[in-house]
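Heads up: the structure comes next, in structure tokens.
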Amino acid sequence: MPLPSEVDVVIIGAGAAGLGAARALEHSGLSIIVLEARDRVGGRAHTIMAAPDITFDLGCGWLHSADENSFVKIAEQLNFEIDKTRPPWREQAYDEVFPPAERADFMAALDAFYDRAEEAAKSGRDSAASSYLEPGNRWNPMIDAISTYVNGCELDRVSILDMDAYEDTQINWRVRRGYGALMTAYAAPIPLAFNCRVTLIDHSGKRVRVQTSQGTLTADKVIVTVPTNLIADEAIRFHPALPAKVEAARGLPLGLADKVMLRLDGPDALPKDGNLRGATMRTAMGTYHLRPFGQRCIEGFFGGHFAQQLEDAGAGALAAQAIDEIAGFLGNDFRRKLKPLSESRWAHDPFARGSYSHALPGHAGDRAVLAAPVDGRLFFAGEATSPSFFSTAHGARDSGERAAGEVLIACARN
């Protein structure tokens, strides 16, 4: 829609948080508009058809903590099929690649690490999660690799208090048509302005002035839902400045988790919804979901510094690495069965600059700082502001609903 000159509420960002805020204000009687820098909704949720028969979520793909995930009910209301197949993360398709005894030893080391970190968090004193790796344990590099998938970074950059605050019910489902596709359907009733990049939020006057690439508009209230890296880099500026918000965002940087999709010829040789990971004893490694939904494909995951190195190497580097690793596990003849289809590059996305937030050691409290309203006119949402469901799409959506509630309370006081 064209940009109006003024509205009651401007929502910046059409990711899960912005959509949650907009839907919560839908029948409030307030005029709203969502400003989105991209030409699509969803933010870090983006579903594509990697091939005519292969659905690929470039960003979030799992309904984490599905028994408490608000998107489950939304999916049901919008007639999106939910796949409740158990994730293969702790399983292994090929014993010769990672023998059962070795795998059990690794899982025991991984669980023991989490137990030590959880126990340490009870003290209330923060420190780096890497401090709780068992000195000399041979599995430490692979435990660090798991962190790159879960947190988007290595353990030396993860706060144990933040890690302990995350709520995980261990129930994980998927949206068969794609999480990004669900976001698009969820956004259908919302007034949106695409290709509208916000550069300045001026809250010095009676009304808030929002400067964009399509012009300037004014509002009574503004809800900011952009990723922390954009606030930390001051890609969006505030006037007067909000140094506490910028510093909080810098304490909650986005880690990096990337995906690659490979077409698989002769898929019957591989199990449906299987897992493949080698006992590589290094942090720079991928992990592979075999035939997700039974599709003719393999989905690969890379995280942390290794994902950044692959992104920086240019388009196709993730696919090349994945094919090399899989061929190393299953034999070089397997290489010709794999064809690159698509890959994510979230660090190079100018409107994301990463995948999802983690608190640096000593910065677990920054989530509450980032979430706090300013002067009853500026409100903040996004997965990084969620106290216990951060790094998830439903945590982001729920935070948008929370910010919308704060807007309504502020309006009632005026």
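The values are calculated or read from the model by the stated rules, or taken from the named source; none is laboratory data. Because the structure is a prediction, the values reported are computed rather than measured. We place every Cβ from the backbone using ideal geometry, glycine too, and count neighbours over all the protein chains shown. The protein model used for the area step is the full one, side chains on, heavy atoms only, and it has no ligands, DNA or RNA in it. Shrake-Rupley method; radii C 1.70, N 1.55, O 1.52, S 1.80 Å.
Of the residues examined, Ala165 is one that is in contact with a Phe, Trp or Tyr (Cβ under 9 Å, 6 or more places away or on another chain) and either open to solvent by less than 50 Å² (accessible area, probe 1.4 Å) or within 20 Å of Gly43 (Cα to Cα) (or both). The residues in the stretch 150-160 that are buried (at least 20 other Cβ atoms within 10 Å of the Cβ) and either among the aromatic types (Phe, Trp, Tyr) or touching a helix residue (DSSP H, G or I) at 6+ places or on another chain (Cβ under 6 Å) (or both) can be counted, and the count is 5. If we scan the stretch 337-348, do we find a residue that is assigned to a loop (DSSP other than H, G, I, E, B) and not hydrophobic (A, V, I, L, M, F, W, C)? There is at least one residue in the stretch 337-348 that is assigned to a loop (DSSP other than H, G, I, E, B) and not hydrophobic (A, V, I, L, M, F, W, C).
Scanning the stretch 260-272 for residues that are in contact with a strand residue (DSSP E or B) (Cβ under 7 Å, 6 or more places away or on another chain) and open to solvent by less than 20 Å² (accessible area, probe 1.4 Å) yields Val260, Met261, Leu262, Leu264, Leu270.
Can you confirm whether the stretch 54-72 contains a residue that is surrounded by fewer than 20 Cβ atoms within 10 Å (Cβ to Cβ), over 22 Å from Ala257 (Cα atoms), in contact (Cβ under 8 Å) with a residue 60 or more places away in the chain and more than 20 Å from the chain's Cα centre (by Cα)? Within the stretch 54-72 (the criterion being surrounded by fewer than 20 Cβ atoms within 10 Å (Cβ to Cβ), over 22 Å from Ala257 (Cα atoms), in contact (Cβ under 8 Å) with a residue 60 or more places away in the chain and more than 20 Å from the chain's Cα centre (by Cα)), the answer is no, since none of the residues qualifies.
Scanning the stretch 373-397 for residues that are buried (at least 23 other Cβ atoms within 10 Å of the Cβ), among the hydrophobic types (A, V, I, L, M, F, W, C) and farther than 12 Å from Tyr356 by Cβ yields Phe379, Phe380, Ala381. If the condition is being of a type in the set (A, V, I, L, M) and either over 19 Å from the mean Cα position of the chain (by Cα) or at pLDDT below 95 (or both), then the stretch 292-323 contributes Ile298, Ala313, Ala315, Ala317, Ala319, Ala320, Ala322, Ile323.
Quickly run through the stretch 73-90 and pick out the residues that are open to solvent by less than 50 Å² (accessible area, probe 1.4 Å) and touching a strand residue (DSSP E or B) at 6+ places or on another chain (Cβ under 6 Å). If the condition is that a residue be open to solvent by less than 50 Å² (accessible area, probe 1.4 Å) and touching a strand residue (DSSP E or B) at 6+ places or on another chain (Cβ under 6 Å), then Ala75, Phe80, Ile82, Asp83, Pro88 are the ones that fit. As an exercise: evaluate Glu26 against (1) in contact with a helix residue (DSSP H, G or I) (Cβ under 9 Å, 6 or more places away or on another chain); (2) under 30 Å from Cys411 (Cβ atoms) and give the number of the one condition it does not meet. With respect to (1) in contact with a helix residue (DSSP H, G or I) (Cβ under 9 Å, 6 or more places away or on another chain); (2) under 30 Å from Cys411 (Cβ atoms), Glu26 is out only on (1).
Scanning the stretch 177-217 for residues that are touching an Asp or Glu at 6+ places or on another chain (Cβ under 8 Å) and open to solvent by 60 Å² or more (accessible area, probe 1.4 Å) yields Arg177, Pro189, Phe194, Asn195, Arg207, Arg209, Gln211.
So which strands (runs of 3 or more DSSP E) stay within the stretch 211-308 end to end and still have 2 or more residues that are under 17 Å from Ser357 (Cα atoms) and touching a residue at least 60 places away in the same chain (Cβ under 8 Å)? Outline the logic, then answer.
Numbers: elements: 215-224, 237-239, 257-264, 274-276, 287-290, 297-303.
In the stretch 211-308, 257-264, 297-303 are the strands (runs of 3 or more DSSP E) which contain 2 or more residues that are under 17 Å from Ser357 (Cα atoms) and touching a residue at least 60 places away in the same chain (Cβ under 8 Å).
If you go through the stretch 330-339 and keep only what is in contact with a strand residue (DSSP E or B) (Cβ under 6 Å, 6 or more places away or on another chain) and either open to solvent by less than 20 Å² (accessible area, probe 1.4 Å) or not basic (Lys, Arg) (or both), you end up with just Leu338. The stretch 131-206 holds helices (runs of 4 or more DSSP H) entirely within its bounds, and those carrying 1 or more residues that are among the charged types (D, E, K, R) and in contact with a His (Cβ under 9 Å, 6 or more places away or on another chain) map to 160-165.
Does Arg174 fit the bill of being open to solvent by less than 20 Å² (accessible area, probe 1.4 Å), of a type in the set (D, E, K, R) and in contact with a Leu (Cβ under 7 Å, 6 or more places away or on another chain)? When the stated conditions are applied, Arg174 passes them. Looking only at the stretch 350-365, decide whether some residue is touching a Lys or Arg at 6+ places or on another chain (Cβ under 9 Å), part of a helix (DSSP H, G or I) and either free of Cβ contacts under 8 Å to residues at least 24 places away in the same chain or surrounded by fewer than 23 Cβ atoms within 10 Å (Cβ to Cβ) (or both). Within the stretch 350-365, not a single residue is touching a Lys or Arg at 6+ places or on another chain (Cβ under 9 Å), part of a helix (DSSP H, G or I) and either free of Cβ contacts under 8 Å to residues at least 24 places away in the same chain or surrounded by fewer than 23 Cβ atoms within 10 Å (Cβ to Cβ) (or both).
List every residue pair whose Cβ atoms lie under 7 Å apart, where the two residues are 6 or more positions apart in sequence or sit on different chains, the first residue falls within the stretch 174-188 and is under 15 Å from Ala50 (Cβ atoms), and the second residue, located anywhere, is of a type in the set (S, T, N, Q) and surrounded by fewer than 24 Cβ atoms within 10 Å (Cβ to Cβ). Taking only residues 6 or more apart or on different chains, the pairs are Arg177/Thr55; Gly178/Thr47; Gly178/Thr55; Tyr179/Thr47; Gly180/Thr47; Ala181/Thr47.
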